[in-house]
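Please read the structure below before turning to the comments.
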Amino acid sequence: MTTDSASNPNASNSKDLRFVIMGAGMAGILSAIKLQEAGLDNYAIYEKADRLGGTWRENEYAGIACDVPSHMYCYSFAPNPDWSHRHSPGGEIQAYFEDVARRYEVEPRIQYNTEITRCEFVNGRWKVELSNGSTDEADFLIAATGVLHHPSYPNIEGLDSFGGASFHTARWNHDVPLAGKRIGIIGTGSSAIQITTALADQVGKLSLFQRTPQWIMPIENPPYSEEEKAEFRRNPAAMQKIRDDVTQQFIAGFANILHDLDSPMLKQIHTTCEANLEENVKDPELREKLRPNYRAACKRLIMSENFYDAIQSPNAELVTEGIERVEEKGVRTKDGRLHELDVLIIATGFKVDRFMRPMEVIGRDGLTLEDAWADGPFSYKAISIPEFPNLFMLNGPYGPVGNFSLIDVAEMQFSYIMQLVDQVRTGACKELGASRAATLEFDSERIEAAKKTIWASGCNSWYLDADGIPAAWPFTFDRFIDEMAKPHLDHYDMR
Ligand code: N01
């Protein structure tokens with residue numbers, strides 16, 4: 001795949017090319033493994049926390065699991081025969097990343113507790129400043145900083161005045177006992193639904209504060225038996241078969257039809273969610289409170305085995321009255337009622353427009369990322385930003401995020417990035433980044449396509465940017481695969 005041109009006098013000695021990887025989550029570990037494989041061993045991987053794992057390190061809330069099946073939600077080159085369930089819990093996923101990082105000898109290379117604070121492109125190289133006061137220099141920056149990263153807190157009066165324990169889902173406080181307590185959860189996204197399902201039976205009282213109801217796609221989550229795991233060990237093709245089948249289902253049943261509102265598959269998703277609600281919620285009043293007034297999959301589709309059971313358990317209450325304010329003793333809703341609580345869980349999601357920020361990033365001619373993204377984050381195909389040469393992103397703005405495995409996405413993106421790196425390795429140029437013209441053209445096509453997707457069909461969600469336009473890959477997944485297969489080098493400014 002990667003070739004040095006010994007005959008080209010401009011070719012770089014690959015061993016000299018230095019890479020700085022931002023973050024040791026799923027995408028950062030992947031980058032380090034792939035660089036090592038390509039013989040590009042001159043890299044540093046900086047991680048601000050004291051452990052690797054990214055989102056799986058940060059999200060330790062009760063009931064956390066991945067709704068992408070486990071045999072798909074793992075690196076293609078590192079299948080895992082030991083997944084306990086079709087959708088394995090978050091702790092297992094974290095352990096998987098730790099294990100892969102160790103086995104591929106990336107773990108000892110990670111510099112923990114080291115936040116990148118500033119990067120500036122000076123004379124063809126990136127000068128990198130670190131929180132410990134030291135510096136680095138790199139030919140390439142790989143931004144592997146994740147999407148759902150910075151907790152978003154609601155702007156609710158009195159939030160700080162609550163007298164009990166309160167924490168965001170991504171800042172779970174394991175020291176707070178929950179058994180038998182009165183728990184409030186604000187939000188009804190994937191996090192809140194999983195927490196409700198995990199806690200409803202254990203706590204004294206669970207109050208779920210719902211601003212907007214969600215469609216729930218029913219899933220099954222059977223455990224893998226010891227015989228099945230032994231078979232996966234003996235015959236890795238059996239794992240691959242599951243991965244291929246699930247991937248095809250995701251692509252054909254969802255990712256390729258997001259823009260086709262009349263497609264029978266999208267209608268089928270809606271019908272399935274509707275039937276789930278009709279058949280599994282007995283009380284008609286509760287059923288109507290749980291019924292969304294928008295199309296299924298407009299918000300990120302929630303998958304759950306048993307949310308409806310949980311919310312119907314005797315100690316659970318769905319609160320649909322709006323929140324007036326938070327007080328010392330609990331949450332007061334607009335009808336004047338005080339919901340007394342011991343613990344308040346903030347399940348209000350993430351600031352999804354941050355990406356690598358608050359890091360200060362300064363590209364060509366002093367252009368800061370803050371200025372470049374003043375009207376909102378943008379990119380060329382989720383990979384590159386004009387005037388920020390040799391900086392490439394994994395899962396950057398407008399990448400495919402809709403109910404798909406971001407691992408597969410990152411693997412495709414990284415192999416695309418390696419083809420860009422090859423341009424420098426072979427001496428075709430010293431620096432490259434998407435041209436402004438190609439980025440603007442891509443962006444206007446993207447916006448038009450985004451307006452036609454299911455995400456723009458009449459609901460509010462974290463997919464939408466400040467102008468209400470979905471900021472995720474709006475084309476078919478097949479197109480993403482094609483785009484990532486080979487860069488259009490004429491869309492790059494190569495110097
Ligand atoms: O966050 P969210 P999340 N007052 O943004 C509500 C991934 N993930 O952490 O709908 C009251 O989806 C808000 O209400 P509304 C997955 O990609 C995956 O749950 O805007 N409520 C909404 O209900 C997911 O999509 C998995 O009206 C307020 C909720 O908070 C993404 O992470 C598991 C409010 C936020 O929902 C984020 O999920 C978990 C306010 N002021 C997460 N502000 C799996 O793989 C916000 N809300 C299973």
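So L148 clears everything in (1) within 16 Å of the ligand (Cβ to nearest atom); (2) at pLDDT 95 or above; (3) open to solvent by 20 Å² or more (accessible area, probe 1.4 Å); (4) assigned to a loop (DSSP other than H, G, I, E, B) except one condition, right? Which one?
(2)
Condition test on N221, is it outside the structural domain of P79 (by TED's automatic domain parsing), out of contact with any helix residue (DSSP H, G or I) (no Cβ under 7 Å at 6 or more places or on another chain) and away from the ligand (no atom under 16 Å from the Cβ)? Full working, then the answer.
Numbers: outside the structural domain of P79 (by TED's automatic domain parsing): yes; out of contact with any helix residue (DSSP H, G or I) (no Cβ under 7 Å at 6 or more places or on another chain): yes; away from the ligand (no atom under 16 Å from the Cβ): no.
No: the conditions fail for N221.
Do you know which residues across region 63-122 are open to solvent by 50 Å² or more (accessible area, probe 1.4 Å), hydroxyl-bearing (S, T, Y) and outside any loop (DSSP other than H, G, I, E, B)?
Hit for region 63-122 is T117, nothing else.
Can you name every residue in region 235-261 that is among the hydrophobic types (A, V, I, L, M, F, W, C) and within 12 Å of F477 (Cβ to Cβ)?
Pass one, region 235-261, residues among the hydrophobic types (A, V, I, L, M, F, W, C): 237-239, 242, 246, 250-252, 254-255, 257-258, 261.
Hits for region 235-261 are F250, I251, A252, F254, A255, I257, L258.
Could you tell me how many of the residues in region 25-51 are assigned to a loop (DSSP other than H, G, I, E, B) and in contact (Cβ under 8 Å) with a residue 60 or more places away in the chain? Please lay out each step first, then the result.
Start the filter on region 25-51 by keeping residues that are assigned to a loop (DSSP other than H, G, I, E, B), which leaves 25, 38-42, 47-51.
Next cut, in contact (Cβ under 8 Å) with a residue 60 or more places away in the chain only: 25, 38, 40, 47-51.
Number of matching residues: 8.
Output the residue which, of all residues in region 296-317 that are touching a Lys or Arg at 6+ places or on another chain (Cβ under 9 Å) and surrounded by fewer than 19 Cβ atoms within 10 Å (Cβ to Cβ), is farthest from C273 (Cα to Cα).
Within region 296-317, the match that is farthest from C273 (Cα to Cα) is N315.
Could you pull out the residue among A230, A238 that is in contact with a Phe, Trp or Tyr (Cβ under 9 Å, 6 or more places away or on another chain) and farther than 26 Å from G180 by Cβ? Show your work before the answer.
Details: A230 fails: in contact with a Phe, Trp or Tyr (Cβ under 9 Å, 6 or more places away or on another chain).
Residue meeting the stated conditions: A238.
Regarding region 385-401, can at least one residue be identified that is outside any loop (DSSP other than H, G, I, E, B) and open to solvent by 20 Å² or more (accessible area, probe 1.4 Å)? Can you show your working first?
Taking region 385-401 and keeping what is outside any loop (DSSP other than H, G, I, E, B), we get 391-393.
Adding the requirement that they be open to solvent by 20 Å² or more (accessible area, probe 1.4 Å) leaves none.
No, that holds for no residue.
Please work out if S405 is of a type in the set (S, T, Y), open to solvent by 40 Å² or more (accessible area, probe 1.4 Å) and under 26 Å from P79 (Cα atoms).
Values: of a type in the set (S, T, Y): yes; open to solvent by 40 Å² or more (accessible area, probe 1.4 Å): no; under 26 Å from P79 (Cα atoms): yes.
Judged against the criteria, S405 is not a match.
Restricting attention to region 446-471, and to residues there that are touching a Lys or Arg at 6+ places or on another chain (Cβ under 7 Å) and aliphatic (A, V, I, L, M), which single residue is farthest from the ligand (Cβ to nearest atom)?
Ranking the qualifying residues of region 446-471, first place goes to I469.
Could you grab me the full set of residues in region 321-355 that are open to solvent by 20 Å² or more (accessible area, probe 1.4 Å) and assigned to a strand (DSSP E or B)?
Within region 321-355, I323, E324, R325, E327, R332, L338, E340, F350, K351 qualify.
One line per residue, one yes/no per condition, for (1) in contact with a Lys or Arg (Cβ under 8 Å, 6 or more places away or on another chain); (2) open to solvent by less than 20 Å² (accessible area, probe 1.4 Å); (3) at pLDDT 95 or above:
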position: G187; (1), (2), (3): yes, yes, yes
position: S191; (1), (2), (3): no, no, yes
position: I195; (1), (2), (3): no, yes, yes
position: L199; (1), (2), (3): no, yes, yes
position: F209; (1), (2), (3): no, yes, yes
position: E228; (1), (2), (3): no, no, yes
position: R234; (1), (2), (3): no, no, yes
position: D245; (1), (2), (3): no, no, yes
position: L258; (1), (2), (3): no, yes, no
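In region 201-218, what residues are away from the ligand (no atom under 11 Å from the Cβ) and within 20 Å of I183 (Cα to Cα)?
D201, Q202, V203, G204, K205, L206, S207 - these are the residues of region 201-218 that are away from the ligand (no atom under 11 Å from the Cβ) and within 20 Å of I183 (Cα to Cα).
Of the residues P400, P389, P474, which is within 16 Å of the ligand (Cβ to nearest atom), in contact with a helix residue (DSSP H, G or I) (Cβ under 9 Å, 6 or more places away or on another chain) and in the same structural domain as M356 (by TED's automatic domain parsing)? Before the answer, list the steps.
Details: P389 fails: within 16 Å of the ligand (Cβ to nearest atom); P474 fails: within 16 Å of the ligand (Cβ to nearest atom).
Exactly one residue qualifies, and that residue is P400.
For region 183-194, does any single residue satisfy the condition of being more than 22 Å from the chain's Cα centre (by Cα), outside the structural domain of Y61 (by TED's automatic domain parsing), more than 10 Å from the ligand (Cβ to nearest atom) and in contact (Cβ under 8 Å) with a residue 24 or more places away in the chain?
yes
Kindly indicate which of D160, D175 is at pLDDT 95 or above, surrounded by fewer than 16 Cβ atoms within 10 Å (Cβ to Cβ) and within 16 Å of the ligand (Cβ to nearest atom).
Numbers: D175 fails: within 16 Å of the ligand (Cβ to nearest atom).
Going through D160, D175 in turn, just one is at pLDDT 95 or above, surrounded by fewer than 16 Cβ atoms within 10 Å (Cβ to Cβ) and within 16 Å of the ligand (Cβ to nearest atom): D160.
Looking at region 163-172, which of the residues that are in a loop (DSSP other than H, G, I, E, B) and not aromatic (F, W, Y) is surrounded by the fewest Cβ atoms within 10 Å (Cβ to Cβ)?
The qualifying residue surrounded by the fewest Cβ atoms within 10 Å (Cβ to Cβ) is G163.
Would you be able to say whether some residue in region 423-445 is within 30 Å of H71 (Cβ to Cβ), more than 16 Å from the ligand (Cβ to nearest atom) and either crowded, with 19+ Cβ neighbours inside 10 Å or within 20 Å of the chain's Cα centre (by Cα) (or both)?
Taking region 423-445 as the starting set, the residues that turn out to be within 30 Å of H71 (Cβ to Cβ) are none.
No, because not a single residue in region 423-445 is within 30 Å of H71 (Cβ to Cβ), more than 16 Å from the ligand (Cβ to nearest atom) and either crowded, with 19+ Cβ neighbours inside 10 Å or within 20 Å of the chain's Cα centre (by Cα) (or both).
Consider I183 against the criteria (1) closer than 11 Å to G349 by Cβ; (2) open to solvent by less than 30 Å² (accessible area, probe 1.4 Å); (3) of a type outside the set (D, E): it satisfies all of them except one. Which criterion is unmet?
Going through (1) closer than 11 Å to G349 by Cβ; (2) open to solvent by less than 30 Å² (accessible area, probe 1.4 Å); (3) of a type outside the set (D, E) one by one, I183 breaks only (1).
The values are calculated or read from the model by the stated rules, or taken from the named source; none is laboratory data. Being a predicted model, the structure only gives us computed values, none of them experimental. For neighbour counting, all protein chains shown are included, and Cβ atoms are generated from backbone atoms with ideal geometry for every residue, glycine included. Side chains included, ligands, DNA and RNA excluded: accessible areas come from the protein's heavy atoms. Shrake-Rupley method; radii C 1.70, N 1.55, O 1.52, S 1.80 Å.
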